[in-house]
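Here is the structure we will look at.
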Amino acid sequence: MSDTPLIASEVLPRGFHFAAVKAGLKPSGKPDFAVAVADTGASAAAMFTMNRVQAAPVIVGRRHMTRSNGWVRVVAVNAGNANCATGDAGLNACEEVCAAAAKDFGCEGHEVFPSSTGIIGVPLPAEKLVKALPEARSSLGSDAAAFARFADAILTTDTRAKIAHTTLARDGKQVRIAGVCKGAGMIHPQLISDAAPLHATMLVYLFTDAAVHPATLDRYLRAAVEVSFNRISIDGDTSTNDTVLLLASGAAGVDIWAEDEEFAKALTEVCTSLARQIVADGEGITHVVELQIEGAPSDADAVKIARAIANSPLVKTAWAGADPNWGRLMAAVGYAGVELDPGRIAIWFGDRPICVNGGRSPQYDEKAAHEYLRQREFSIRIAIGAGDGSCRFWTSDLTAEYVRINAEYST
């Protein structure tokens, strides 16, 4: 197992067991098949990539969620093969794994939720996953070590596992929320749920022991994802496999209804922590950047501006060299497609004034700005002066190491 930090077993959501085994998909020989089992089943909500090229597990996962009315018993995740662009054979392979998992864990096939991550366009050897299921069943655990093994097994180019958790009190009982995710490259999530209009992979699995109806769970998940996973970008590439799944076991004996602000806040905190961990582990990155956009015509416009900046190769390479070339920020703001007056734009690096009224600030200090951008993490605040719209968005620089990793990904 990697150096994944263990969280206390006492804060893990009850009603779930976890396992991770070696199915032989990763060339490294490391565990590559992770399973999570809801002991008596769990209500579920999921969001998927809006990329129109979608992996087989995304297609099958959607079908299963619809057929089960948001009810999941088993989550089966393989790493090392995305099972995307594999045609009918890929769909059949995915369904074969789900059917075998259903038989092993005593549930219906549509109560199994599949996910895959890895290289695109390679047939999935379903027989390897099916063969590994009995070992996964026999090694299930509900403690922190089992949870950490699950978190490790889903990784691809990640350098570390990503875990977050929190608790809240309700009527003298404790409600627990915990999540794991993977993602380091091919990160520009644009996630939707089937209840919403259409709008290296990110996979996110969230667990709570609260009791929440699937439709209510979906509303909580969409709200949390919108300000967390839909607010990050490493390289501007939206994966074919992006998935966020939230399961609620009900084992805490606490019902969560709509409009529960405390639960919503707790779920958002877990999602935001995981989202930031993804950016911090971005392929080859040397800087994590928080963009604070304010004064846009609307929140949606603020996000457009943030995405334009976050996905600009010129901006990202400047950050890699700690180059305070704020003119590239201005250019990205200008082509974001938002109505604005350039003469009202202001920019700060941290609390250092860089630009005011669309031009260089009289207090601009190039050397100080350069030193500030040398930090591993820094923030850039941009005021548009066109309304009340705002957002926070997390992104990274673009380095030669990112190019090296992705130039050799399949070879």
HN-Hα couplings for the range 223-229 via Karplus (6.51, -1.76, 1.60; θ = phi - 60°), in whole Hz with x for Gly/Pro, come out as 5, 5, 5, 4, 9, 10, 5
Final fewest-first order of Y205, Y364 on the 10 Å Cβ neighbour count is Y364, Y205
Over the range 309-359, the quotient of the Cα radius of gyration and 2.2 N^0.38 Å is 1.13
If each K or R counts +1 and each D or E counts -1, the residues other than D301 whose Cβ falls under 12 Å of its Cβ total -2
Rg/Rh over Cα atoms for the range 62-161, Kirkwood Rh, comes to 0.96
Shape descriptor, the chain: equivalent ellipsoid semi-axes (Cα gyration tensor, sqrt 5λ, whole Å, largest first) stand at 38, 24, 19
Taking the alpha-carbon centre of each part, the distance from the range 251-288 to the range 106-121 in Å is 23 Å
Rounded to the nearest 5, the percent of antiparallel DSSP beta bridges in the chain equals 70 percent
Going from the fewest other Cβ atoms within 10 Å to the most, one would list H165, H213 as H213, H165
Taking a ≥ b ≥ c as the square roots of the Cα gyration tensor eigenvalues, with a/c under 1.5 meaning rounded and otherwise prolate when a/b beats b/c or oblate if not, the range 288-407 comes out oblate
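Since every read-out is calculated from the coordinates, none of them should be taken as a lab result. Values in this document were obtained by computation on a predicted structure and should not be read as measured data. Glycine also receives a Cβ, built like all others from the backbone with ideal geometry; neighbour counts cover every protein chain displayed.
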